[in-house]
1. Restricting attention to the range 43-51, does a residue exist that is surrounded by 15 or more Cβ atoms within 10 Å (Cβ to Cβ) and out of contact with any strand residue (DSSP E or B) (no Cβ under 8 Å at 6 or more places or on another chain)?
2. Just to be sure, is D59 acidic (D, E), over 28 Å from E130 (Cβ atoms) and out of contact with any Cys (no Cβ under 6 Å at 6 or more places or on another chain)?
3. Residues that are free of Cβ contacts under 8 Å to residues at least 24 places away in the same chain and hydroxyl-bearing (S, T, Y): which strands (runs of 3 or more DSSP E) entirely in the range 42-147 hold 1 or more of them?
4. In the range 79-135, what residues are closer than 30 Å to T35 by Cα and of a type in the set (D, E)?
5. Kindly indicate the residue of the range 112-144 that is crowded, with 16+ Cβ neighbours inside 10 Å and polar (S, T, N, Q) and also modelled with the lowest pLDDT among those meeting that condition.
Amino acid sequence: MPSINARVRGGTLVEVLVTVLVISLGLLGMARLQTAALIHAHDAWLQSEAVRLSARLFDQMRANRSAALAGCYNHPDGGCNASQASPEAMHRARRELQQWLETVDTRLPAASAQINSRQTSVFIELRWHERGEHDGGERRLRTGTRP
């Protein structure tokens with residue numbers, strides 16, 4: 001007959017199953033944290049991209065100040081005050097704005113842009129939607145500067 005000490009030496013099947021369950025739950029929690037971290041990193045990247053795009057257009061507007069003050073960057077079809085900017089400046093503004101809008105469309109998902117330039121300030125508002133399963137809704141960045 002085996003002694004009592006011989007029976008108590010190993011772990012029971014229930015203890016092993018509980019250990020596997022606890023480890024599995026821990027690994028699932030870590031996977032969920034990793035997924036959340038990737039989603040937030042992507043959100044941060046999109047926000048940084050929106051800031052870079054705004055800064056790029058602000059730089060172009062500073063380089064073409066007369067067209068910016070005339071409102072030539074407000075809409076890609078023109079609509080600027082021709083008495084305040086030369087035809088070359090207006091054409092350059094139209095071309096730069098069109099290229100910038102194409103870049104915004106390729107870098108931000110479902111993006112839209114609104115530019116409002118006045119004599120004392122310029123505002124750029126970018127809106128975009130998140131892709132994939134994480135539906136964070138619409139994101140918005142509004143930046144402004146003086147021309």
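1. Yes; the residues of the range 43-51 include at least one that is surrounded by 15 or more Cβ atoms within 10 Å (Cβ to Cβ) and out of contact with any strand residue (DSSP E or B) (no Cβ under 8 Å at 6 or more places or on another chain).
2. In short, no.
3. 112-117
4. Those that are closer than 30 Å to T35 by Cα and of a type in the set (D, E): D105, E125, E130, E133, D135.
5. Checking each candidate, the answer is S117.
The values are calculated or read from the model by the stated rules, or taken from the named source; none is laboratory data. Values in this document were obtained by computation on a predicted structure and should not be read as measured data. Note that we place each Cβ from the backbone using ideal geometry, even for glycine, and neighbour counts take in every protein chain shown.
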